[in-house]
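The values are calculated or read from the model by the stated rules, or taken from the named source; none is laboratory data. These figures come from a predicted structure and were not determined experimentally. We place every Cβ from the backbone using ideal geometry, glycine too, and count neighbours over all the protein chains shown.
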Amino acid sequence: MTKATQTLTLLVLTTGIWLTLLFEIVKVPAPLDQIVPTLPLWVIVSFGAYLLGTLGWNIFTFQDKEAAYHSLLKEIDEAKRDLKGRGVTID
Amino acid sequence: MAAKRSKSSGTGSSGGHKYSVILPTYNERSNLPIITYLIAKTFDDAGLAWEIVIVDDASPDGTQEIAEQLIKVYGGDRVQLRARAGKLGLGTAYMHGLKYATGDFVVIMDADFSHHPKYIPEFIRKQQEGDCDIVLGTRYAGDGGVYGWDFKRKLVSRGANLLSRVILRPNVTDVTGSFRLYKKAVLERVIQETKSKGYVFQMEMIVRARAAGYKIAEVPIAFVDRIYGDSKLGSDEITQYAKGVWSLFVSI
């Protein structure tokens with residue numbers, strides 16, 4: 001099963017369940033039955049909010065590795081010295 | 001010039017395991033000797049058996065000349081040069097290198113210092129802890145991070161990563177990272193089926209590996225981007241990436 005098939009199957013299943021609630025094949029007590037028609041929109045908006053929120057948080061907490069950069073520069077110098085001494089051409 | 005006496009006891013130490021680093025190169029004349037030095041130092045300090053397989057795509061800048069010098073310094077059993085006729089792509093470069101790799105583990109990494117060899121012993125430790133098939137370096141979890149990205153770059157990279165994670169659900173935190181340790185047999189198997197190029201290539205490998213049920217672990221790494229010059233990510237690459245995600249979505 002590809003990811004596409006999996007996703008599609010899940011979508012069909014959840015839509016099916018929602019439709020049975022919507023057409024009252026399975027009855028939902030009031031006032032919950034007022035919410036049923038709005039559920040798809042609610043899911044989409046929540047998912048969108050989750051994505052944006054996660055993305056925002058990930059960027060906000062992104063670690064800048066300045067120290068790694070500086071220590072790397074030092075190591076590059078060390079490497080250049082060592083290799084020049086052993087006859088390797090360093091440009 | 002005599003080669004420096006290494007601290008490891010030879011090619012058979014470290015519990016019988018040997019680590020082959022495959023380095024695809026194109027115009028890496030300046031970087032190659034230094035990255036080789038860093039790799040050699042890391043492995044020797046850790047007492048591990050290692051080798052580097054340089055796969056050069058007929059670089060016009062004389063990268064191969066430098067590779068030959070490095071072979072003289074470190075020995076032909078430590079450094080190999082396996083040249084190719086032209087710029088033939090990353091996937092096939094790895095496949096070519098794999099033919100000559102004599103280790104039972106393979107490390108793939110970039111030759112431009114964005115990946116620091118110092119993380120390799122951590123990868124190895126992680127691999128041994130859980131007998132993992134693949135250990136990947138992640139920029140986006142734990143203590144991972146990047147030096148040299150502006151806001152726009154961070155936005156695009158994390159956005160693309162999030163998109164892939166949601167759609168393809170590979171259950172890793174960094175889908176396009178190219179600093180990874182593989183069991184040689186696992187890499188051979190996964191790479192056979194992988195067809196994409198560029199960023200999508202690395203993503204396809206990990207998605208296929210996950211689908212095949214391989215055990216994958218992660219180690220946070222610091223990624224130092226473009227130590228010489230600017231990091232550019234064009235809209236062309238972004239479109240290619242989106243297309244790549246879609247094609248993986250419908251095929252794996």
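For segment A:51-79, give me the residue count where each residue is more than 7 Å from every other protein chain (Cβ to nearest Cβ) and outside any helix (DSSP H, G or I). Spell out how you get there, then give the answer.
The initial filter retains those residues of segment A:51-79 that are more than 7 Å from every other protein chain (Cβ to nearest Cβ), namely A:52-53, A:56-57, A:60-61, A:67, A:70-71, A:73-74, A:77-78.
Then keep just the ones that are outside any helix (DSSP H, G or I); that gives A:61.
Residues in segment A:51-79 being more than 7 Å from every other protein chain (Cβ to nearest Cβ) and outside any helix (DSSP H, G or I): 1 in total.
Restricting attention to segment B:63-79, and to residues there that are surrounded by fewer than 19 Cβ atoms within 10 Å (Cβ to Cβ) and in contact with an Asp or Glu (Cβ under 9 Å, 6 or more places away or on another chain), which single residue is nearest to B:Asp44 (Cα to Cα)?
Among those residues, the one meeting the criterion is B:Asp77.
From (1) more than 14 Å from chain A (Cβ to nearest Cβ); (2) buried (at least 19 other Cβ atoms within 10 Å of the Cβ); (3) hydrophobic (A, V, I, L, M, F, W, C), pick out the condition that doesn't hold for B:Ala111.
(1)
Would you mind finding the one in B:Asp174, B:Asp150, B:Asp225 that is modelled with pLDDT of 95 or more, within 25 Å of A:Trp57 (Cβ to Cβ) and not basic (Lys, Arg)?
So the residue among B:Asp174, B:Asp150, B:Asp225 that is modelled with pLDDT of 95 or more, within 25 Å of A:Trp57 (Cβ to Cβ) and not basic (Lys, Arg) is B:Asp174.
Taking segment B:120-157 as the region of interest, how many residues are under 25 Å from B:Ser20 (Cβ atoms) and more than 9 Å from chain A (Cβ to nearest Cβ)?
Looking only at that region, the number is 19.
Of (1) within 14 Å of chain A (Cβ to nearest Cβ); (2) more than 19 Å from A:Glu78 (Cα to Cα); (3) among the basic types (Lys, Arg), B:Lys18 satisfies all except one. Which?
(1)
Identify all residues within segment B:22-55 that are of a type in the set (Asp, Glu) and at pLDDT below 95; write none if there are none.
Answer for segment B:22-55, where residues must be of a type in the set (Asp, Glu) and at pLDDT below 95: just B:Glu28.
Residues A:Asp82, A:Asp33: which one is of a type in the set (D, E, K, R) and within 10 Å of chain B (Cβ to nearest Cβ)?
Working: A:Asp33 fails: within 10 Å of chain B (Cβ to nearest Cβ).
The conditions single out A:Asp82.
Could you check segment B:76-108 and list, in sequence order, the residues that are more than 16 Å from B:Ile39 (Cβ to Cβ), touching a helix residue (DSSP H, G or I) at 6+ places or on another chain (Cβ under 7 Å), assigned to a loop (DSSP other than H, G, I, E, B) and among the aliphatic types (A, V, I, L, M)?
B:Ala83
Within segment B:26-50, how many residues turn out to be surrounded by fewer than 24 Cβ atoms within 10 Å (Cβ to Cβ), under 22 Å from B:Tyr94 (Cβ atoms) and of a type outside the set (A, V, I, L, M, F, W, C)?
Summing the residues that are surrounded by fewer than 24 Cβ atoms within 10 Å (Cβ to Cβ), under 22 Å from B:Tyr94 (Cβ atoms) and of a type outside the set (A, V, I, L, M, F, W, C) in segment B:26-50 gives 6.
Report whether or not B:Pro170 is within 12 Å of another protein chain (Cβ to nearest Cβ), surrounded by 20 or more Cβ atoms within 10 Å (Cβ to Cβ) and farther than 19 Å from B:Gly103 by Cβ.
Yes; evaluated as a whole, the condition is true for this residue.
If you take the residues of segment B:55-75 that are small (Gly, Ala, Ser) and assigned to a loop (DSSP other than H, G, I, E, B), which of them is nearest to B:Gly103 (Cα to Cα)?
By that ranking, first place goes to B:Gly75.
Which residue, of B:Ala40, B:Ala101, B:Ala67, is within 14 Å of another protein chain (Cβ to nearest Cβ) and within 19 Å of B:Ile124 (Cα to Cα)? Talk me through it step by step, then tell me what you get.
On the way: B:Ala101 fails: within 14 Å of another protein chain (Cβ to nearest Cβ); B:Ala67 fails: within 19 Å of B:Ile124 (Cα to Cα).
Checking each option against the conditions leaves just B:Ala40.
Can you name the number of the only condition in (1) outside any helix (DSSP H, G or I); (2) more than 9 Å from chain B (Cβ to nearest Cβ); (3) of a type outside the set (Gly, Ala, Ser) that A:Asp91 fails?
Going through (1) outside any helix (DSSP H, G or I); (2) more than 9 Å from chain B (Cβ to nearest Cβ); (3) of a type outside the set (Gly, Ala, Ser) one by one, A:Asp91 breaks only (2).
Is at least one residue of segment B:111-120 under 30 Å from A:Gly53 (Cα atoms) and modelled with pLDDT of 95 or more?
Yes: one or more hits.
Checking the conditions here, which among B:Leu187, B:Leu233, B:Leu181 is more than 14 Å from chain A (Cβ to nearest Cβ), modelled with pLDDT of 95 or more and closer than 28 Å to A:Ser71 by Cα?
One residue alone meets the criteria, B:Leu181.
Residues are listed down the side, and each one gets a yes or a no for (1) at pLDDT 95 or above; (2) more than 9 Å from chain B (Cβ to nearest Cβ); (3) part of a helix (DSSP H, G or I):
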residue: A:Met1; (1), (2), (3): no, yes, no
residue: A:Thr5; (1), (2), (3): yes, no, yes
residue: A:Ile25; (1), (2), (3): no, yes, no
residue: A:Ala49; (1), (2), (3): yes, yes, yes
